[in-house]
Structure formats: structure tokens, C-alpha cells
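The values are calculated or read from the model by the stated rules, or taken from the named source; none is laboratory data. None of the values given here were measured: they were computed from a predicted structure. Methodologically, a virtual Cβ is constructed for each residue, glycine included, from the backbone with ideal geometry; neighbour enumeration extends over all protein chains shown. These accessible areas exclude ligands, DNA and RNA; they are computed on the full protein's heavy atoms, side chains included. Shrake-Rupley method; radii C 1.70, N 1.55, O 1.52, S 1.80 Å.
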Amino acid sequence: MAYIEQDVRKLVGKAIHHYDLIHPEDRIAVAVSGGKDSLLLLWLLRERLRHVPIRYYLVAVHVDMGFQPGTAEILEAFFRAEGFDYRILRTDYGLQAHSSKNKENPCFLCARRRRAALFREAQSLGCSKLALAHNQDDFIETFFINILYGAQTAAIVPRQSFFQGAIEVIRPLVLVDSQKVDRMVRRLGLPTLKNPCPSAQRNARSQIREFLFKLYRSNRKIRGNIFHAMSHVNLEYLPPPLLQTPGSVRKVGKDTAVEREGYPEKRGQL
């Protein structure tokens, strides 16, 4: 087994144990967009079943956003060839989000509707967990997006409960950076689809990613330092909140950060 494969497997196993992500007999819906991260996550979770003493059950769920070229047919062929249980949801969410009626923030609306569809499908399948393929760089980038555009120190977390505990979102790739994902996908020969979304390469996340990767190239320790700093917060050396006056600071509530991954506002219902 190549070093990169050993490394990634070890990091995923460490994340699952450290953050308590998967339990025996769990039914897990794995969100598969067609990108390298989600296909790798699906492959790793199934491969892990061969080496651990517990059983859990996987079903791949793909939400086709309605863009052209489509993604559903290619992914369906992959799922069938590999023997994965799967569901494909065909929608026009992406087209609606980029319509003339929603020019201000297509990414938020698109992500919100896609995530709501994933929650509903997971519930209909009897899955108590929804696995998302955010890697370590996604955690860091979301952290910076919320600071720069949401005026709060927040990111995404490895495990998060929704709807009074009916569904948990888990992110097993939390310790795996995007470069390791790339190397692992190439080694395994997994198919990856180009994101057909017209906003994919012109958003705040891509700008922040470019800035961060310049730093990573200058010092290989920076990525790890940022990630560890997110869970080592010294409040004694941070200023207390300013008292807000009308119009002074934009209100940012629990579910209104710029990058909240499109979660439904009402957490008590799907």
C-alpha cells in the first residue's frame, strides 16, 4: 500500500474516532456531488468496512442541480459499476438560483436548497447521518469567509446535530487537506466531474483559497497552525464585543453567517 493511501486512511480513521462520527449499525447517506472529495469519501467509507469490526450502511445521494452538461448519468453509471446503493435527485435548483430573479447571492440559495433536499432524502431513507465531504481546507476557508464577510469567528464542525437530533451531519475528511485528496484520487483512478456551476470559479471562497495557498507555499506549517488555532481560542487575549447601536454593525445571528452551507433556517423541521 502506498504511503499516501496509508496516510489518508489513518487520518480518516483518526477523525472518525476523535470526533465520534460513526457508530455500529449507523445508516449513512453520503452526499456525492461528483467532485473528487465526495467520491473519495464514498470510496473510503466503504473500504473502511473491510478493516473495522463494526457494520454500518451507506447510500450515495446525488442532487443534480439542472446544469448542463448534466452529472446524473455519469454518476449513476459509476454507482452501478461499483455496486453502491444510491439515489439521484433531479432538480432545477441551480438554474433557479442563477435566474434573473436571484442575482444577488446565487451560491447561498443553491446550497440551501441542495442541503434541504439532502436532509429530506436522508430522512426518507431512514438514515440518521449525512456524510459531507468537506476537507481540511474547506474548514479553514469557511473560517476566513465568516471572519471577512460575516463579522464573526465561526467555521464548520466535524459533527453537527439537526432537527432535535434526528439527523447528524458528519465530515470524516476534516483532517485530510485538498492536496492529499488530489493525490489519493489520482492513485485510485476515481472519476471526477467538472463543476458545471457558472459561479464555481468566481466566488469569495476561490479568492480566499488563492490567498491561503500562497501562504502554504511559503511555509508548510501554516495550514496546520491555522486549523489547530480554530480549536485553541484564548478569549483572554481577544477584545470583548462592542455594544451595538442601530446601523453600526450588521446583525449576524446564529444562522446568518455568510457561509452557513445553506442549512434550512428552521432546524425543527425538514
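Sorted by average packing, counted as other Cβ atoms within 10 angstrom per residue and highest first, what order do 183-189, 39-45, 142-148 take?
So the peptides 183-189, 39-45, 142-148, ranked by packing, come out 39-45, 142-148, 183-189.
Just add up the charged neighbours of Tyr56: K/R +1, D/E -1, any other residue whose Cβ is under 12 Å from the Cβ of Tyr56.
+3
For segment 55-60, take each phi angle, set θ = phi - 60°, evaluate the Karplus expression 6.51 cos²θ - 1.76 cosθ + 1.60, and give the result in whole Hz per residue in order, putting x for glycine and proline.
10, 9, 10, 10, 9, 7
Figure the gain on full extension for Phe213 and Ser161 (residue separation times 0.36 nm, minus the Cα-Cα span) and round it to one decimal in nm.
Working it through step by step, the gained length comes to 15.6 nm.
Treat each spin label as a single point 7 Å out from the Cα along the C-beta direction, and report the Lys10 to Arg55 distance in nm.
About 3.1 nm separates the two model spin labels.
Going by accessible area, probe 1.4 Å, with all protein chains left in place, what is the ranking of Tyr86, Tyr216, Tyr57, largest first?
So, going from the largest accessible area down, we get Tyr57, Tyr86, Tyr216.
At 1.4 Å probe size, what's the solvent-accessible area of Asp137? Round to the nearest 10 Å².
So the heavy atoms of Asp137 present about 0 Å² to solvent.
Using modelled backbone amide H atoms (1.01 Å from N, in-plane), which distant-in-sequence or interchain residues come within less than 5 Å of Leu89's amide H?
Excluding prolines and chain starts, which carry no amide H, the hits are His62, Val63, Asp64.
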